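The values are calculated or read from the model by the stated rules, or taken from the named source; none is laboratory data. In this text, all values refer to a predicted model and were calculated from it rather than measured experimentally. Cβ atoms come from the backbone with ideal geometry, glycine included; neighbour counts cover every protein chain shown. To get the accessible areas, we keep the full protein, side chains included, count just its heavy atoms, and leave off ligands, DNA and RNA. Shrake-Rupley method; radii C 1.70, N 1.55, O 1.52, S 1.80 Å.
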Amino acid sequence: MSVKQNFETIKQDIVDTCQRVDRDPDEVTTIAVTKYVSIERANEAINAGITELGENRSEEFLNKYDAIGQAANWHFIGTLQSRKVKDVIGNVTTIHSLDRISLAKEINKRANQTIPCFVQINTSGEDSKHGLDPSEVITFIEELSQYSNIKVIGLMTMAPLVEDETMIRQSFRSLKELRDDIQQLNLSFAPCQHLSMGMSHDFKIAIEEGATHIRIGSRLVGQE
Ligand SMILES: *Cc1c(COP(=O)(O)O)cnc(C)c1O
């Protein structure tokens, strides 16, 4: 399938889902995750009208950025090693995987401007997942006040890899509750208005639970 066809289907899914839960589809930003696919396929996504691309490894991000540059906004969605920050920081629009103070420190040091970040949370409790334990989040975010180049625009999570829709939904719902708690703090460096959650297999549930940024790879650009 062409990216254009896939994108049309997903856009319709977004509209239908939003209608069900009385949300405005314009509140949902689709990020095309190009980590599995070629530069050509990523360009096809741009030609289909997609403006947001996501990569999870610095090498592959730089490879694609070399070819595509600022024709897209770039979202860094994977674990970011501190030593790689200097390579990517000038070119990424948003980081979705802020999960430790040492990383915040490095971003703050290397950035020439404020970097919008999502704080990644492990809402499923699975050992294999990165991200902060929900109980640590408020303290973590308060600590970020020292790092003036970081703006916390939201929270990010990955749902557990299970069939049970209730468990997936609960993971998204707990991210939203945490987001609401942080908003209550009224921190200027952490407006925390967004929720980055939902992938190919669970984005409709994520939208029902309030997602503002969905990260879609295989269903949108394919897996090659
Ligand atoms: C790969 C990846 C995605 C997209 O996964 P699909 O299931 O192919 O849609 C989304 N978010 C993160 C963090 C990823 O690593």
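Among the candidates S145, S174, S135, S124, single out the residue that is closer than 23 Å to P25 by Cα and either of a type outside the set (A, V, I, L, M) or modelled with pLDDT under 95 (or both).
From the options S145, S174, S135, S124, the qualifying one is S174.
What is the residue count in the stretch 177-224 for residues that are out of contact with any Gly (no Cβ under 8 Å at 6 or more places or on another chain) and of a type in the set (S, T, N, Q)?
Of the residues in that region, 5 qualify.
Which one of these is surrounded by 15 or more Cβ atoms within 10 Å (Cβ to Cβ), of a type outside the set (G, A, S) and within 13 Å of the ligand (Cβ to nearest atom): H213, H194?
Result: H213 is the single residue among H213, H194 that is surrounded by 15 or more Cβ atoms within 10 Å (Cβ to Cβ), of a type outside the set (G, A, S) and within 13 Å of the ligand (Cβ to nearest atom).
Among the residues of the stretch 7-21, is any more than 16 Å from the ligand (Cβ to nearest atom), within 19 Å of H194 (Cβ to Cβ), open to solvent by 30 Å² or more (accessible area, probe 1.4 Å) and at pLDDT 95 or above?
Yes: the stretch 7-21 contains one or more residues that are more than 16 Å from the ligand (Cβ to nearest atom), within 19 Å of H194 (Cβ to Cβ), open to solvent by 30 Å² or more (accessible area, probe 1.4 Å) and at pLDDT 95 or above.
Tell me which of these K129 doesn't satisfy, since it passes every other one: (1) more than 16 Å from the ligand (Cβ to nearest atom); (2) without any contact (Cβ under 8 Å) to a residue 40 or more places away in the chain; (3) among the basic types (K, R).
(1)
Which pairs turn up if I take residues in the stretch 188-213 that are within 12 Å of L175 (Cβ to Cβ) and look for partners that are in a loop (DSSP other than H, G, I, E, B) and β-branched (V, I, T) with beta carbon separation below 7 Å, at least 6 apart in sequence or on another chain?
H194/T212; L195/T212; M197/T157; A211/V28; T212/V28
Report, by residue number, each residue of the stretch 35-53 that is open to solvent by less than 50 Å² (accessible area, probe 1.4 Å) and either within 16 Å of the chain's Cα centre (by Cα) or of a type in the set (F, W, Y) (or both).
I50, E52, L53
Return the residues of the stretch 164-177 that are assigned to a helix (DSSP H, G or I) and over 17 Å from S97 (Cβ atoms); say none if nothing qualifies.
E165, T166, M167, I168, R169, Q170, F172, R173, S174, K176, E177 - these are the residues of the stretch 164-177 that are assigned to a helix (DSSP H, G or I) and over 17 Å from S97 (Cβ atoms).
Across the stretch 197-210, what is the number of residues that are part of a loop (DSSP other than H, G, I, E, B) and within 11 Å of the ligand (Cβ to nearest atom)?
Result for the stretch 197-210: 6.
Among the residues of the stretch 164-177, count how many are under 22 Å from T79 (Cβ atoms) and surrounded by fewer than 22 Cβ atoms within 10 Å (Cβ to Cβ).
Qualifying residue count, the stretch 164-177: 1.
Can you name the number of the only condition in (1) outside any helix (DSSP H, G or I); (2) in contact with a strand residue (DSSP E or B) (Cβ under 9 Å, 6 or more places away or on another chain); (3) closer than 27 Å to L103 by Cβ that I50 fails?
(3)
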